[in-house]
Amino acid sequence: MLTKRRFLQLLGLGVATNLLHGSTATASPRASSQSDPVPQGAYAGVITFQFDPNRIEEASALWETSVYAAAARQGGLLRAVLLTNRETGKALGIGLWASQADSEAFGASGAFQAAVAPMAPVLVAPLVREQYEVSRSPLALAISGGG
């Protein structure tokens, strides 16, 4: 089983696609390159969603047009990805932010609340948003010569 911590490590590597059987990943429109290392001090805002499994496509589209779009306008967003399990409806929306302040500002903003509001019809349980420090990004270390 992939832990959130391990996924965050993989997010820094840019390889967070098709991680689990029955799961999908939707990357943000801004593609990151391997030469775009995660900066020191980066934070991840992680939203755990429980969607109606029959509405995953709709939920994914809503995430991109509301949550991702609001995060991108906020400033400080480096990358974003939505992981979904089509069988269970569970999903993780992960935003990689340049700093803890950027991540906290988005999570506490009215823009975040407004962005998740349109998702209410596809949710079967309240969402949870947490923050994590990006402790290691092996690819970033290798690219910079520090690994």
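The values are calculated or read from the model by the stated rules, or taken from the named source; none is laboratory data. Predicted model only: the values in this text are computed from it and were never measured. Please note: Cβ atoms are built from the backbone with ideal geometry, for glycine as well, and neighbour counts cover all protein chains shown.
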Scan of the range 103-117 for residues that are crowded, with 22+ Cβ neighbours inside 10 Å and out of contact with any helix residue (DSSP H, G or I) (no Cβ under 6 Å at 6 or more places or on another chain), ordered by number:
103
Looking only at the range 70-84, count every residue that is crowded, with 16+ Cβ neighbours inside 10 Å, of a type outside the set (Val, Ile, Thr) and touching a helix residue (DSSP H, G or I) at 6+ places or on another chain (Cβ under 8 Å) and tell me the total.
9
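Surrounded by fewer than 17 Cβ atoms within 10 Å (Cβ to Cβ) and either touching a Gly at 6+ places or on another chain (Cβ under 8 Å) or part of a helix (DSSP H, G or I) (or both), is that true of residue 61?
For residue 61, the condition - surrounded by fewer than 17 Cβ atoms within 10 Å (Cβ to Cβ) and either touching a Gly at 6+ places or on another chain (Cβ under 8 Å) or part of a helix (DSSP H, G or I) (or both) - is met.
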Can you tell me how many residues in the range 74-99 are at pLDDT 95 or above and part of a helix (DSSP H, G or I)?
0
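So that you can scan it fast, the table gives a plain yes or no per residue for (1) assigned to a strand (DSSP E or B); (2) over 15 Å from residue 127 (Cβ atoms); (3) more than 16 Å from the chain's Cα centre (by Cα); (4) at pLDDT 95 or above:
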| site | (1), (2), (3), (4) |
| --- | --- |
| 15 | no, yes, no, no |
| 18 | no, yes, no, no |
| 36 | no, yes, yes, no |
| 48 | yes, no, no, yes |
| 68 | no, no, no, yes |
